[in-house]
Amino acid sequence: MSMYAAHLVSMLSIYVVLAASLNLVAGYGGMLSAAHVVLFGVGAYALACLTSILGWPFLIALPISIVAAGSLAFVVGSLCVRLSGDFFLLATLSVHVLLQAVFANWIPVTGGPYGIGGIASPSAFGWSADSSLEKAFFTAAAAGGSLAILGRLLRSPFVRSLQAIRDNAVAAGAVGKDPLRFRRRSFMIAGAFAGLAGALYASNIGYIDPHAFALDEFVFLLAVVVVGGAGDARGPVVGTLVLFLMPEGLRLLPITAAAAANARQVLFGLLLVLAMRVRPQGLVGRYGFN
Amino acid sequence: MLQFVFNGISAGLGVALLALGFALIYRPTGVFHIAHAAVFTTSAYAAYWALHVYPSMATAGIASIAVGCSTGLMLEWAVYRPLAVRQASPLAVLVSSFGAYFAVVHLIALVAGSEAKTLGRGLASPIRFAGTLLTPVQAGQAVVGILGMLAVFMYLRFTRTGQWTRALASNRTLLLTLGVNEPRLRALLFLLGSSLAAAAGLLTALDIGIHPQMGFGCFLMAAVAVILAGPDRFMAAGWAAVGLGVAQNLALAVLPAIWMDSIVSALLLVALLCRREALVGTLPSLGDSR
């Protein structure tokens, strides 16, 4: 396996976990969160600070990163889950802008626009993933484990209640399901998985800066969930594969990397418009953001 | 201190144009038009290109209004109207608007480059007013802002289509029973709203220059003003924008400018959380709160 293929496997694995966690809140809970990318960023920055600045081992830094993102998700969720669909998206968009400014300007901790380098590779009990291939195996294994846990959760009564609340919060409340409690918990769980994806991202790339968690990344993630299909466990996997592989064709064109990045964003934006117009439930999804 | 207040009034009147344009679209149609920021940006770039072809302010003004109005109408016909026909949810409309914003902005970056540009007006001699110094663009921003607010007031108060606009915001079903052509009224509102955004885009371009992401921060401020103004109140959005402009400039006296977008985002979050009708349980959404 070439270095490029190994890197692609790592990125696919990370984004599948990230998209699956957004699918839990957006597809099953009806809460499309623009803050998900900054929760991904919190996981990445937590791991980067702990391993690169404080020199802690990866195996200790990883769970702390997950807890950090989950705790912040609990705080954001406690504020925002009271809001309905489009209000929720706007409120989480403002959280995104706030945290993005913290990433970009809190220089002693995040390095500001210079970012943080020298982030530890995945390691445990004397073993360390030094090559791209080892990182790809570790990341794919972690993603597989995460998807298994999320898959089990999606079949649980908890998520069935969440779906009922998404479809009719008043009716679900009438049969004893507290909408705010379910929404808050699902948001916290999704945030923790976003934190895990962020920690895996930081340890794979070895360097992070605020651009990796900008609004452009949210549009990509949103396109993954919308095109793949929300409200179905297969949606994030299909969406990630389609949206990762579709712009690969741009590499064949004689254009600069900056132009290709802009062309990708144009493509993702148009895909969102097209999906909402033609097939809001995406390729394999069951929820059409109604 | 007085200098900060006058700077704030001038900047606030510029944002008031954007806010009134947004309110003219959002209140009657229920479309939370994030792509309004893209209309603002395209107008600013149109002024930049027009000034390069023929260096005259009249050319820049005509080009920016023509391009802004065309972009707004194109978005209505290609993105929002089809969703309105199939009665898509406000969340689906919001996702489409988000996609359209990103597609347009990155198309601009693809064509014109991502770097910031100035309109090459050079350092203009300042105007002395009440012991403060204002640039000619700031003075123009204040004059055009006041004229724009007056024009919107006259339109809403003294024209038949203005009455229909208020009626559409208040009771759509009743208005349609009177035989009003809703698609034409919507097109007119997008035309008017986009022309106001274009004027704001032109003035901002002359003041601080242009870059592809310039519209988002200004749009967030306009959205905060419209949400703070409350439902069914058009002109209050303009006054709220002026108040926000003053508050933001006074905050500059104690906080670095890098935190300005964060302050606006925090205000948006607070404004959303304080809206009773946004809460789960009553479950109305942006589109329903007309």
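What follows is calculated from the coordinates using simple rules that are stated; it is not laboratory data. Quantities reported herein were computed from a predicted structural model and do not represent experimental measurements. Ideal geometry is used to build each Cβ from the backbone, glycine not excepted, and the neighbour counts take in all protein chains shown.
Data table
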| quantity | calculated |
| --- | --- |
| Gap separating the Cα centres of the range B:230-269 and the range A:1-33, nearest whole Å | 36 |
| Cα-derived Rg over Rh, computed across the range B:173-257 with Rh taken as Kirkwood radius | 1.08 |
| Inverse of mean 1/r across different Cα pairs in the range B:2-280, Kirkwood, Å | 19.0 |
| Value of Rg/Rh across the range B:1-93 [Cα atoms, Kirkwood radius] | 1.08 |
| Estimated 222 nm signal from helices in chain B, with DSSP H stretches of n ≥ 4 weighted -39500 (n - 2.57), rounded to 500 | -24000 deg cm²/dmol |
| Whole-Å distance, taken between Cα centres, linking the range A:36-71 and the range A:250-280 | 31 |
| Shape of the range A:1-150, Cα gyration tensor, a/c cut at 1.5 | oblate |
| Which of B:234, B:40, B:129, B:102 has the fewest Cβ neighbours within 10 Å, and the rest in rising order | B:129, B:234, B:102, B:40 |
| Ordering of B:11-21, B:175-185 by packing [mean C-beta count within 10 Å, highest first] | B:11-21, B:175-185 |
| Inter-label distance for residue B:116 and residue A:4, nm, one decimal - labels placed 7 Å from Cα along Cα-to-Cβ | 3.6 |
| The range A:80-121 versus the range B:1-57: alpha-carbon centroid distance in Å | 26 |
| Low-density loop positions, chymotrypsin sites (Phe, Trp or Tyr not before Pro), the range A:146-234 - DSSP coil, at most 16 other Cβ in 10 Å | A:207 |
| For A:80, B:69, order by how many other beta-carbon atoms lie within 10 Å, fewest first | B:69, A:80 |
| Relative contact order (percent, whole number), the range B:2-280, Cα cutoff 8 Å, 6+ residue spacing | 41 |
| Inter-site label distance for residue A:174 and residue B:5 at 7 Å from Cα along Cβ, in nm | 5.6 |
| Cβ neighbours within 10 Å from other chains - mean over A:72-83 | 2 |
| Distant alpha-carbon pairs in the range B:70-115 (separation over 17 angstrom), percent | 38 |
| Selection of trypsin sites (Lys or Arg not before Pro), the range B:35-123, meeting DSSP coil and at most 10 other Cβ within 10 Å | B:86 |
| Kirkwood-Stokes translational diffusion coefficient of chain A, alpha-carbon pairs, 20 °C, 1.002 mPa s, µm²/s | 112 |
| The protein assembly as shown: projected area of the alpha-carbon convex hull, averaged over directions, in nm² | 27.2 |
| Quotient of C-alpha Rg and 2.2 N^0.38 Å, computed over the range A:183-290 | 1.16 |
| Fluctuation leader among A:246, A:11, A:276 - chain A, Gaussian network, Cα springs under 10 angstrom | A:246 |
| Amide H contacts of residue A:230 (H built 1.01 Å from N, under 5 Å, at least 5 apart or other chain) | A:285, A:286, A:287 |
